[in-house]
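Reading through the C-alpha cells given below for one structure.
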Amino acid sequence: MAGQGPANSTEYITHHLTHLKVGEGFWTIHVDTMFMSVLMGVLSLGLFWMAARKASAGVPGKWQAFVEMVVEFVDTQVKEVFHLDRRFLAPVALTIFLWVFFMNAMDLLPLDVPGVIAGWFGLHYWRVVPTADVNTTFAMSITVLVIVIAFSFKAKGVGGYVHELFTAPFGSNPVLWIPNFLLNLVELLSKPVSLAMRLFGNMYAGELVFMLIALLGASWAGFTFGSGLSMIGQILAGSAWAIFHILIITLQAFIFMVLTIVYTAMATEHH
Amino acid sequence: MNINATIIGQAIVFTILIWFSVKFIWPPLLKAIEDRQKKIADGLAAAERGQKELSQASGDAQSIVNEAREKALKIVDQANRRSNEIIEEARATAIAEGQRLVGDARQEVALEQSRARDALRKDVAQLAVAGASRLLEREIDAKAHADLIEKLAREIEGAKA
C-alpha cells in the first residue's frame, strides 16, 4: 500500500493480489514470491541446520530435541510407505514439510503489514505468501514429479519404465498400447497438477478470505452502529479464521509431504 | 494465476533446498538419533546384565554363606565329638592309673603283710621258745627243736587266721 489507501474494495483486493514483478511476458519474475520463499527456506533449514551442526548422541538440548522429534516424525511417515533406502526421500520430505509450512505461515502475518514494510523500501506491491503463487506450487510439484520419475527409472530401469507406460494397466497387446499410454499420461500429469493446485487453492483462498474479513474493518466510518458492528465482525471472524488457518497451513504442508512420499513409493513398485 | 519464469526460479530454489537438506541437515540429525538409540539400547542391556549379575552374585553369596554355616556346624560337631573323646580318654586313663595305683598299693600292703607275718612268726617262735624254756627252766636248743617250733608257730598263725 503506497501513498493513499485503496479507493474501494475491488481495488483493495486487486492490489493485494498483485505481485511485485520484474520482466516481460513469460520472463517475468515475481520478486516478492522469490524473496519470501528464499527467506523462508533459509530460515527453516537454517534453524534445523543449527541443530544438525551441533547434533550429538548425548543429552539433547531443547531445540535439538524438538528438531529430532520432527525428523523422527518425517522419517516415520516415509518408513511406513516407502520401503527402500530413505536417505534421499526422507530429507526431501522434511524439506517440503518445513518449507511449505513456513511459507504457508506467512498467511498469518497481519494482512497489510508486509505491504507497509515494502512501502518503506518504495515497493508498491508485496504478496507475502509464496504458496499462494501458483508458480511456487507448480515448481515444487514438477520437481517432485522429476524425483518420482527418477525413482521409477532407478527401480525399473528406463526401458522397464517405458515398457510399463505402454503395457500397464490393460496388458501388452499392441492394440492396447495407446490406451495404456494415454491413461498413464493422465495419471502421471494429474499428480503434479493436483499437488500444486491443492496447495495453491488452499492458500490463495485463505488469503482471499483474510482480505474479505479485512474489508469489514475497512468500512470504518466513525463511531456509528454499522461501523462498530463490522469492526467487531472483523475481529471475531479474523481471529476464528486465523486460528483455523493454523490447522490449514500445517495440514497442507503435511499433505504435500505425504503425497510426495506416496507418489514416490508407488513409482518404485512394480505393476 | 499466471505461470512465468518464477516457476523456474522456484524450482531452482527448491532443488537447492533439497540438496542442502540431503547433504547437511538430515545425515547428522539422523546419525545423532540413531547413535542415541544405540546408546540407550546399550545402556538398557548393560543395566539388565548388571541386574542379572547382581542376582547371580547374591545367589552365590547365599550359597557360600550356607556352605560356611554347614562347615561351621560340622566343625562344632567335630569339636564336640573330639572333646567327648578326650574326656572319655582322660577318664579311661584316670581309671587305669587309679587301678594301677590301687594295685601297687595292694601289692605293697600284701608285701608288708607277709613281711609283718614273717616277723611276727619269728617273734612268736622266739616267744614260744622263751616261754617253753621258762617253763622247763632250761635252755632249749632252738636248732634241735626247730621243727617243733615251726609247727607251733604255724598253729598260732592258723588259730589267728
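Against the test of being in contact with a Phe, Trp or Tyr (Cβ under 6 Å, 6 or more places away or on another chain), of a type outside the set (Gly, Ala, Ser) and touching a residue at least 60 places away in the same chain (Cβ under 8 Å), the options A:Leu20, A:Leu84 yield a single qualifying residue, A:Leu20. In this structure, A:Leu47 does not qualify as facing chain B (nearest Cβ under 8 Å) and either out of contact with any Asp or Glu (no Cβ under 7 Å at 6 or more places or on another chain) or without any contact (Cβ under 8 Å) to a residue 24 or more places away in the chain (or both).
Per the conditions (1) farther than 23 Å from A:Ile255 by Cα; (2) within 12 Å of chain B (Cβ to nearest Cβ); (3) of a type in the set (Gly, Ala, Ser), the sole criterion not satisfied by A:Ala118 is (2).
Every residue, every condition in (1) modelled with pLDDT of 90 or more; (2) open to solvent by 10 Å² or more (accessible area, probe 1.4 Å); (3) away from chain B (no Cβ under 14 Å), yes or no:
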{"site": "A:Phe88", "(1), (2), (3)": "yes, yes, no"}
{"site": "A:Asn104", "(1), (2), (3)": "yes, no, yes"}
{"site": "A:Val113", "(1), (2), (3)": "no, yes, yes"}
{"site": "A:Gly122", "(1), (2), (3)": "no, yes, yes"}
{"site": "A:Thr131", "(1), (2), (3)": "yes, no, no"}
{"site": "A:Phe138", "(1), (2), (3)": "yes, yes, no"}
{"site": "A:Gly160", "(1), (2), (3)": "no, yes, yes"}
{"site": "A:Phe170", "(1), (2), (3)": "no, yes, yes"}
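All conditions in (1) among the basic types (Lys, Arg); (2) out of contact with any strand residue (DSSP E or B) (no Cβ under 6 Å at 6 or more places or on another chain); (3) within 12 Å of chain B (Cβ to nearest Cβ) hold for A:Lys62, with the sole exception of (3). The single residue among A:Ile147, A:Ile142 that is open to solvent by less than 60 Å² (accessible area, probe 1.4 Å), under 27 Å from A:Asn104 (Cα atoms), within 14 Å of chain B (Cβ to nearest Cβ) and under 24 Å from the mean Cα position of the chain (by Cα) turns out to be A:Ile147.
Comparison of B:Val22, B:Val13, B:Val65 shows that the only residue that is closer than 30 Å to A:Thr14 by Cα and part of a helix (DSSP H, G or I) is B:Val13. Among the residues that make up segment A:12-26, is at least one of them open to solvent by 60 Å² or more (accessible area, probe 1.4 Å), of a type in the set (Ser, Thr, Tyr) and assigned to a helix (DSSP H, G or I)? Yes: segment A:12-26 contains one or more residues that are open to solvent by 60 Å² or more (accessible area, probe 1.4 Å), of a type in the set (Ser, Thr, Tyr) and assigned to a helix (DSSP H, G or I).
Scan segment B:9-26 for residues that are within 14 Å of A:Arg53 (Cα to Cα) and surrounded by 15 or more Cβ atoms within 10 Å (Cβ to Cβ) and jot them down.
Going residue by residue through segment B:9-26, those that are within 14 Å of A:Arg53 (Cα to Cα) are B:20-26.
Hits for segment B:9-26 are B:Phe20, B:Ser21, B:Val22, B:Phe24, B:Ile25, B:Trp26.
Just a yes or no: is a residue in segment B:115-122 among the basic types (Lys, Arg), open to solvent by 70 Å² or more (accessible area, probe 1.4 Å), closer than 30 Å to B:Ala153 by Cβ and not in a helix (DSSP H, G or I)? So far as segment B:115-122 goes, no, none of its residues is among the basic types (Lys, Arg), open to solvent by 70 Å² or more (accessible area, probe 1.4 Å), closer than 30 Å to B:Ala153 by Cβ and not in a helix (DSSP H, G or I).
The values are calculated or read from the model by the stated rules, or taken from the named source; none is laboratory data. What you see is a predicted model; the values in this text were computed from it and never measured. Ideal geometry is used to build each Cβ from the backbone, glycine not excepted, and the neighbour counts take in all protein chains shown. Keep in mind that these areas ignore ligands, DNA and RNA; they rest on the heavy atoms of the full protein, side chains included. Shrake-Rupley method; radii C 1.70, N 1.55, O 1.52, S 1.80 Å.
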